[in-house]
Amino acid sequence: MRIVLLGAPGSGKGTQSQLLVKAFGIPQISTGDLLRDAVAKRTELGLKAKSAMDAGKLVDDATVLGMMRERLSRPDAAKGFILDGFPRNIPQAEALSKMLAEMGAPLQAVVLLNLDLGILFKRLSGRRICESCGRVFNIYTAAPAALEHCDKCGAEHRLIQRPDDKEEVIGKRLDVYEAQTKPLISFYTAAGLLRVVDADADVNAVFGNIRNAIGAAAQAPGRSPSA
Ligand code: AP5
């Protein structure tokens, strides 16, 4: 299965990707995770991306597309993938369509996680991540037993806040979504690929909505949006 999870920051793309990985045995490809990994390792790409990420802006298309071309060429992507956080604007969507056409593996569905702005803000400002195992919590909606520590790894590991989850950056990220990412809704609607899912429910209910939305699409051969 080859799908994109589309949605605003905090709409649950990462959380739902993890459930899809378990259910379908295909990799989650998250441009945000790949970029954060590059930042943590202080690679050339990471150093270039860091200032845009910290400011809540998009990293430049050439950097992201080079990274994605490499990631999609790895053997595990041949059996399918969940794209999380990519594409993020029309040029990226057009480039993805070309890449997948070259691979003979067009998208089968684009799932939009639909959620109100007010809820997004709470989900982002409340997110905490275990610095050791990467498990994601939320102090409002999915709190760990002890606020400072991870339930999974134990007391010695700290829960941290992403730099771009600070309240002053969240607004910028939501503006970028409105201006640059939201046009993808029309783009993928025109291509007949868009499925809209209500993401304002508990994690398992949202997952059920996604399964229903992709049920038929997962069997389809896929489509290439015309650029
Ligand atoms: P990225 O990492 O992609 O961030 P994002 O799209 O802003 O999405 P998030 O990871 O913030 O949210 P999510 O939708 O995954 O929600 P989650 O499941 O974690 O990008 C970060 C930055 O990298 C960008 O700003 C940009 O600079 C750069 N970048 C990335 N991709 C790029 C690209 N293609 N081009 C250019 N630049 C790029 O959930 C959020 C919280 O809500 C968690 O605490 C979770 O526990 C909770 N939660 C989830 N689901 C539920 C639920 N159903 N009920 C209650 N709580 C829930």
Return the tail of the calculated pair distribution for the stretch 75-167, meaning the percent of Cα-Cα pairs more than 17 Å apart. 64 percent
Of the candidates Ala62, Gly134, Gly104, the farthest towards the positive dipole end of the chain (Lys/Arg Cβ +1, Asp/Glu Cβ -1, centred on the Cα centre) is Gly104
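When the accessible area of the chain is computed with all protein chains present and a 1.4 Å probe, what percentage of it is carbon and sulfur?
Working: 5780 of 11200 Å².
With neighbouring chains kept in place, the figure for the chain is 52 percent.
So for the stretch 1-121, what are the equivalent ellipsoid semi-axes in whole Å, largest first, each being the square root of 5 times an eigenvalue of the Cα gyration tensor?
Working: eigenvalues 88, 74, 40 Å².
Over the Cα atoms of the stretch 1-121, the semi-axes work out to 21, 19, 14 Å.
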Rounded to whole angstroms and listed largest first, the alpha-carbon spread of the stretch 107-218 along its three principal axes comes to 49, 32, 22
Counting DSSP beta bridges with both partners in the chain, what percentage is antiparallel, nearest 5? 35 percent
Accessible area per residue, 1.4 Å probe, Å², for the stretch 85-153: what's the number? 48 Å²
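For the stretch 1-59, what is the accessible area per residue in Å², given a 1.4 Å probe and the full set of protein chains?
Values: 2640 Å² over 59 residues.
I get 45 Å² per residue for the stretch 1-59.
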Using alpha carbons only, what's the Rg to Rh ratio of the chain with Rh from Kirkwood? 0.94
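The values are calculated or read from the model by the stated rules, or taken from the named source; none is laboratory data. Computed from a prediction, not measured in an experiment: that's the story for all the values here. When we count neighbours, we look across all protein chains shown, and the Cβ atoms used for this are built from the backbone with ideal geometry, even at glycine. We work out accessible area using only protein heavy atoms, side chains counted, and drop any ligands, DNA or RNA first. Shrake-Rupley method; radii C 1.70, N 1.55, O 1.52, S 1.80 Å.
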